[in-house]
Amino acid sequence: MKNIRLKLAASLLMLCLFISFNAQGQGQVLSIDEVLAIFYERNLDLIAAQYNIDQSQADAVIASAIPNPTFSFQLSELSRNINNGSTATGCNHNPGVSCGPAEYFSFSQLIEVAGKRGLRIQSSGFATQAAESDFRDAVRIFSNLVRDTYYELLQAQKNHWLAQEIVDHYQVIGKANSLRLKSGDISESDFLRVKMEALRAESDLDNAQTALEQAKANLAVVLRWPDKSLQFEAKEQWPEIKDIGQHLAKEQLIGKALEHRPDLQADRQRAEQADKELALAHRLKYPDVTVTAGYARDPSNNALNSAFVGVSVPLPLFYQYKGESDKAAVNLNQSRLAMEQTELGIRNDVVSALATWNSTDKIVHRFEDGLMNDAVAVRDSAELAYSRGATSVLDFIDAQRSYKNVMRDYYSALINRANAYYDLAKVLGIEPANSQAVVGHTEPYLEKAGNNIDLPALGHR
């Protein structure tokens with residue numbers, strides 16, 4: 001009885017371990033939007049810090065600040081016998097009595113002229129907008145980086161599935177060939193050729209498994225290696241192809257990209273900032289005014305209590321800030337040149353992305369218009385003919401290889417079209433996500449930035 005209980009307990013333990021092993025071994029299937037959400041949940045703080053949005057806002061506060069007034073206090077006429085025996089009205093005329101030192105209290109306030117403070121505010125505002133545009137551009141680029149890695153994993157999964165299907169297929173054929181060999185229906189050479197092809201299929205499966213593990217590791221690196229990231233599986237989710245302008249003429253599409261691209265907006269805002277900096281540098285030659293007002297108590301003076309007012313102005317006689325003006329002019333020219341280079345790059349990106357999209361879309365349609373069905377039909381007919389001795393083993397193997405190549409090329413075409421679609425959206429500055437995966441995580445940063453930027457509206461599947 002004791003042995004029976006031990007065996008039963010051991011069986012239950014093995015069953016629990018088996019269930020636990022299967023649960024751990026099962027992959028967690030994620031959609032593209034869920035992967036994007038994980039990425040921005042774990043990385044958005046770093047991205048925002050990299051583009052210094054908080055710092056640019058702090059600089060804007062500093063630029064708009066009004067200079068603080070200055071308070072000063074001064075004692076004058078300090079000596080051993082201060083104003084002894086002074087004949088001033090405020091003094092005791094006794095020679096042995098000290099009247100005390102003179103006391104001066106004053107406030108000074110710097111007054112900026114020629115609109116310098118306003119120009120600084122405008123310049124810092126453009127700097128903040130440029131930082132926000134840089135952040136939006138980072139979101140645009142990183143979103144596609146995540147998508148590329150996601151579809152790399154999906155392609156590895158599809159290739160692994162295809163390799164497994166072919167291995168399973170050859171196992172069934174191998175069993176049938178063993179029976180046919182024993183009955184003398186096929187020759188040993190034909191049997192060996194099919195067996196060698198089955199071994200090649202197993203090697204392809206091993207390579208596909210290696211590529212799958214590497215694709216999972218690549219996704220884990222991009223996501224900063226969250227828990228169980230090596231068990232993630234990509235959901236077979238292809239982009240819902242929407243009209244993002246792919247049917248427009250090239251010039252219209254270029255105009256759309258020039259309107260939406262955040263990197264070009266950032267360059268324009270920096271050029272505007274440089275223009276304000278140049279105007280500010282030109283106005284530095286207009287000196288600011290310092291106004292001083294105060295109260296004086298001077299016992300040695302006939303007027304014991306008095307007030308005073310003064311104005312001080314620096315005279316730009318020897319240096320008139322030409323260096324600052326020249327430096328600001330150079331910075332403006334560089335900003336405008338960077339803007340022109342970005343615009344040229346956008347034009348090239350749009351033409352290239354549109355050509356890639358048109359090509360990949362046509363290839364997928366060619367596969368779906370009959371090539372895949374033809375490959376499956378040829379494989380099945382060749383297999384049926386071979387099983388009945390109506391075709392050679394070489395024709396049979398060639399049909400199997402053709403099916404494998406067609407399916408691999410089809411999966412590759414699907415991945416290429418998905419990437420081309422997202423790349424076209426990226427070069428246009430449009431976010432084509434099917435959920436709020438990107439916006440939901442970036443909204444706090446955009447609100448913090450002052451609601452000066454808007455991500456393109458996201459569609460829903």
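The values are calculated or read from the model by the stated rules, or taken from the named source; none is laboratory data. Being a predicted model, the structure only gives us computed values, none of them experimental. Note that we place each Cβ from the backbone using ideal geometry, even for glycine, and neighbour counts take in every protein chain shown. SASA here: full protein model, heavy atoms, side chains in, ligands and nucleic acids out. Shrake-Rupley method; radii C 1.70, N 1.55, O 1.52, S 1.80 Å.
Check segment 182-190 and report whether any residue there is surrounded by 13 or more Cβ atoms within 10 Å (Cβ to Cβ), touching a residue at least 40 places away in the same chain (Cβ under 8 Å) and in a helix (DSSP H, G or I).
yes
For the condition open to solvent by 90 Å² or more (accessible area, probe 1.4 Å) and in contact with a helix residue (DSSP H, G or I) (Cβ under 8 Å, 6 or more places away or on another chain), what is the one hit in GLU277, GLU340, GLU236?
Only one candidate passes the filter, namely GLU236.
Given the criteria in contact with a Gly (Cβ under 6 Å, 6 or more places away or on another chain) and of a type outside the set (A, V, I, L, M), does GLU233 qualify?
yes
From the residues in segment 414-430 that are among the hydrophobic types (A, V, I, L, M, F, W, C) and open to solvent by 10 Å² or more (accessible area, probe 1.4 Å), which one is modelled with the lowest pLDDT?
For segment 414-430, the residue satisfying everything is ILE430.
Within segment 135-162, track down each residue that is more than 9 Å from the chain's Cα centre (by Cα) and under 19 Å from GLU431 (Cβ atoms).
Matches in segment 135-162: VAL146, ARG147, ASP148, THR149, TYR150, TYR151.
Cβ-Cβ below 8 Å, separation at least six or inter-chain, first residue in segment 219-236 and closer than 13 Å to TYR151 by Cβ and assigned to a helix (DSSP H, G or I), second of a type in the set (Ser, Thr, Tyr) and open to solvent by less than 100 Å² (accessible area, probe 1.4 Å): which pairs?
From segment 219-236, the pairs are LEU219/THR149; LEU219/TYR150; LEU219/SER229; VAL222/THR149.
Got at least one residue in segment 375-392 being aliphatic (A, V, I, L, M) and touching a residue at least 40 places away in the same chain (Cβ under 8 Å)?
no
Within segment 242-269, count every residue that is among the basic types (Lys, Arg), at pLDDT below 95 and open to solvent by 70 Å² or more (accessible area, probe 1.4 Å).
Residues that pass the stated criteria total 1.
Name the residues in segment 384-401 that are part of a helix (DSSP H, G or I) and either touching a Lys or Arg at 6+ places or on another chain (Cβ under 7 Å) or open to solvent by less than 50 Å² (accessible area, probe 1.4 Å) (or both), would you?
Hits for segment 384-401 are ALA385, TYR386, VAL393, PHE396, ILE397, ALA399, GLN400.
Do any helices (runs of 4 or more DSSP H) entirely within segment 1-101 hold 1 or more residues that are at pLDDT 85 or above and aliphatic (A, V, I, L, M), and if so, which?
Per the criteria, 32-50, 53-64.
Each row is one residue, and each column tells you yes or no for (1) modelled with pLDDT of 90 or more; (2) surrounded by fewer than 15 Cβ atoms within 10 Å (Cβ to Cβ).
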{"residue": "ILE111", "(1), (2)": "yes, yes"}
{"residue": "SER123", "(1), (2)": "yes, no"}
{"residue": "ALA127", "(1), (2)": "yes, no"}
{"residue": "SER133", "(1), (2)": "yes, no"}
{"residue": "VAL146", "(1), (2)": "yes, no"}
{"residue": "THR149", "(1), (2)": "yes, no"}
{"residue": "HIS169", "(1), (2)": "no, no"}
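Count, please, the residues in segment 359-383 that happen to be basic (Lys, Arg) and open to solvent by less than 60 Å² (accessible area, probe 1.4 Å).
So the count comes out to 1.
Answer yes or no: is there a residue in segment 315-328 that is farther than 30 Å from SER412 by Cβ, open to solvent by 90 Å² or more (accessible area, probe 1.4 Å), free of Cβ contacts under 8 Å to residues at least 24 places away in the same chain and under 44 Å from the mean Cα position of the chain (by Cα).
Looking for residues that are farther than 30 Å from SER412 by Cβ, open to solvent by 90 Å² or more (accessible area, probe 1.4 Å), free of Cβ contacts under 8 Å to residues at least 24 places away in the same chain and under 44 Å from the mean Cα position of the chain (by Cα), one finds at least one in segment 315-328, hence yes.
Can you tell me how many residues in segment 230-284 are hydrophobic (A, V, I, L, M, F, W, C) and over 30 Å from ASP326 (Cβ atoms)?
12
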